[in-house]
Each structure stands twice: as structure tokens, then as C-alpha cells.
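Handing you a structure now.
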Amino acid sequence: MTHETETEIEANAGAGSQARTDTGAGRTYASHYADVHLLVRDGERLLMGRRRHDQPVFPGAFQVPAGLMEKGAPARGESCRELLEEVGLTAEPDDLRFVHLMHHVSIYNGHARIAFFFEVDRWTGTVGNPEPDKCEGWAWYACGSLPEPMPDYLRTALRYIARGVPYSEYRWPATGQAVPCPER
């Protein structure tokens, strides 16, 4: 769980991290943080870890392996990197399936984000906890009864994914409100 790195990056970057570039043609272009989320599935079970309560972002919340993308790296490869760093499992990028893209706004700093969601059901290794300073541990949960608390954006994305919806927008300043996925 690399949200601490994310917090440090965002704190150091300040408002400049979301600066818009004027092209000289009267247009501006937004920059976004990009992050990856990997749904590791074992049949009808999903692997989730609980963030330590002393973490600044989503303390005590359950999360899937996730983190910010590094510059110049493709999304599937970054998902595999996060899986290895956070859980100790190895997956091949070609085994990942794209399931959702969420364009959302961070509740912590208001920065726009693009979140890639992939799923995988093939990996090697044994579930571990290589980052005990960030995560209490990982466990398998039935998809129909996932643990709480969970970040709202993740809960919303999982609902969309369960319905086969490939794209969503969440918590944009125009509304100031979270825009959850309808139950049905």
C-alpha cells in the first residue's frame, strides 16, 4: 500500500501537481495522478488488506493492492509491481484483465485522479505482508460480504465492476458530493 508515498508526493508538489498547461491556443489541459488497483480473485473470493490505523490516507480501511503509477510505466506492469511490493505475489501483465476506469477526485486534497482497475486470477507465490509498516495483513473475503470500512471510491468502483460497467466518474467538484453507483 503505497499511499504514504502518494501523500508525500502530493504534499511536496502542492498546487503545482494539478497545474494546467496553456498551449497558447486558449486551451488548458489538466494533469492527473494515475493509480492502479488490482482485484486478486480466487473463485468468489477477493484479496484485501487492512491499512494500519496510523496511516494518513484511509487509516484502518480495507483496500485491494493499489498505488500510484511511476512515470513511464504501463498500467498492467504497475499493477504487477504493486502486487509484488504489497502482497509478495507475482503476476504476469498479460494475465491481467481490464475491468474499470474511474475518473475521480481525491477526498484528501481535491486532486483529479484516473484509477485503473484490473483483475487477475493467476499468480505465483504465497500471500505475505512485505509492508507491515503500512498494512496489518491480507486475507481472502467472499465477494458478497466484503469487509468494512472501505474507501467510498473503492466500494463504488466494485459495484460498477460487479455490474460490468467499464467507466465511472466520482466526486467531482461541480456537485461537491460523492456520486455512488446505483444499487440497481
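The values are calculated or read from the model by the stated rules, or taken from the named source; none is laboratory data. Computed from a prediction, not measured in an experiment: that's the story for all the values here. So basically every Cβ, Gly included, is an ideal-geometry build from the backbone, and we count neighbours across all protein chains shown. Each accessible area value is taken on the protein alone, full model and side chains, heavy atoms only, with ligands, DNA and RNA left out. Shrake-Rupley method; radii C 1.70, N 1.55, O 1.52, S 1.80 Å.
Does Arg159 count as open to solvent by 70 Å² or more (accessible area, probe 1.4 Å) and either within 14 Å of Val64 (Cβ to Cβ) or touching a residue at least 12 places away in the same chain (Cβ under 8 Å) (or both)?
Yes; evaluated as a whole, the condition is true for this residue.
Conditions (1) within 15 Å of the chain's Cα centre (by Cα); (2) farther than 22 Å from Glu44 by Cα; (3) of a type in the set (Asp, Glu), marked per residue:
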position: Cys80; (1), (2), (3): yes, no, no
position: Ile107; (1), (2), (3): yes, yes, no
position: Phe118; (1), (2), (3): yes, no, no
position: Glu148; (1), (2), (3): no, no, yes
position: Ala157; (1), (2), (3): yes, no, no
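Go through segment 48-142 and tell me which strands (runs of 3 or more DSSP E), entirely inside it, have 1 or more residues that are β-branched (Val, Ile, Thr) and open to solvent by 20 Å² or more (accessible area, probe 1.4 Å).
Here the list reads 97-105, 112-120.
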